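In what follows, a single structure is set out as structure tokens and then discussed.
The values are calculated or read from the model by the stated rules, or taken from the named source; none is laboratory data. Just so we're clear, the structure is a prediction, and the values are computed from it rather than from any experiment. Here Cβ is always computed from backbone atoms with ideal geometry, including for glycine, and neighbour counts include all displayed protein chains. Just so you know, the surface numbers come from the protein's heavy atoms only, side chains and all, with ligands and any DNA or RNA stripped out. Shrake-Rupley method; radii C 1.70, N 1.55, O 1.52, S 1.80 Å.
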Amino acid sequence: MRRLVGMDVIEVLPGLRMLVLPVGAAYLWSDGRELTLVDSGAVGTEERVAALVESVPGGELARIVLTHWHEDHTGGAAALAARYGGVPVVAHRVEAPVIRGEVAGAPPVLEEFERPIRASVPALPPAPPCPVDVEVVDGDVLPFGGGARVVGVPGHTDGSLALHLPGPDLLFTGDAVANVGRAMLGVFNTDRVRAVASLHRLAGLGAANAVFGHGAPLVGDAAAALRAAAADC
């Protein structure tokens, strides 16, 4: 990994850039000139995410993939999709109505230890409704990174998804897993039992590399870290 000059951007792997945001992160995958944005940051970070997209010389944004509906992942999606010519927005079929603003997302069921953490997190602006052009489900394959397989990981939200790219042996976990000091089950889940099952499923993929909605990437040693996290639950 290396930090790129002038931005809070880390080159995680060849073709993968991570933008570190005040809350969470956005990721840009490059297949040559064709770019895929995974998560869009909160409202107010659109210019920083656009700078990430435009940091690839000659790159053209082909799609935005949203791992789930929470504001820190979807806040900039509508504005960014419009900015780049109405590029398609991709989300899980269960999550799509929430992202479109048609229904409200379910609130988390907090564990006791999560209550002070939640209280310390500043409130973010609500995400504006955003069209979802492509609805996916578990097992679908998106056309980037040599084939990005959608992995349904319900529990953090009902329609959370992860992405597994077998070619680069890379896993985008969204908020199903965090890596803050160590890999662990993500917090603020709607259904802890399902979230734990999703963590075990991701650990079973054995991916060498993983990136998270919150926390530092793991390059080369992700499989062992995710197995340890699953064993803790």
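Tabulate in residue order the Karplus-calculated ³J(HN,Hα) for segment 192-197, using 6.51 cos²θ - 1.76 cosθ + 1.60 with θ = phi - 60°, rounded to whole Hz; enter x for Gly and Pro.
Karplus values, whole Hz, x for Gly and Pro: 5, 4, 5, 5, 5, 4.
If each DSSP helix of 4+ residues adds -39,500 (n - 2.57) and the sum is divided by the residues in the chain, what number results at 222 nm, nearest 500 deg cm²/dmol? Please list the in-between numbers first.
Values: 7 runs with 53 residues, N = 233.
Here the helix-only value at 222 nm equals -6000 deg cm²/dmol.
Using a simple spin-label model with points 7 Å from Cα along the Cα→Cβ vector, what separation in nm is obtained for A224 and V196?
Here the modelled spin labels are 2.6 nm apart.
Expected output is a single nm value to one decimal: the length gained when fully extending between V20 and D138, i.e. 0.36 nm times separation in residues minus the C-alpha distance. What is it? Before the final figure, lay out the partial values.
Numbers: separation 118, 0.36 × 118 = 42.48 nm, distance 2.76 nm.
Going from the current span to full extension adds 39.7 nm.
Could you give the length gained on full extension between A231 and M7, defined as 0.36 nm per residue of separation minus the Cα-Cα distance, in nm?
Roughly 77.0 nm would be gained on extension.
Counting only residues 5 or more places away or on other chains, whose amide H sits under 5 Å from the amide H of A148 once H atoms are built in the peptide plane?
For A148, the qualifying residues are L142.
Between E102 and R182, take the C-beta separation as r, use R0 = 45 Å, and let me know the FRET efficiency to the nearest 0.05.
Details: r = 38 Å, r/R0 = 0.83.
Using R0 = 45 Å, I get an efficiency of 0.75.
Just add up the charged neighbours of N209: K/R +1, D/E -1, any other residue whose Cβ is under 10 Å from the Cβ of N209.
Here the count lands on -2.
Near the amide H of L4, under 5 Å away, which other amide H atoms are found, from residues 5 or more places off or on another chain, if H is placed in the peptide plane?
For L4, whose amide H was placed from the backbone, the distant partners under 5 Å are V9, I10, E11.
Provide the net charge surrounding E11, with neighbours chosen by a C-beta distance below 10 Å and charges set as Lys +1, Arg +1, Asp -1, Glu -1. Could the numbers behind the result be given before it?
Values: positive: R2, R3, R17; negative: none.
Result for the local shell: +3.
Counting only protein heavy atoms, what percent of the accessible surface of the chain is carbon or sulfur at a 1.4 Å probe? Intermediate results must be reported in sequence, preceding the final value.
Values: 5590 of 9750 Å².
Roughly 57 percent of what the probe reaches on the chain is carbon or sulfur.
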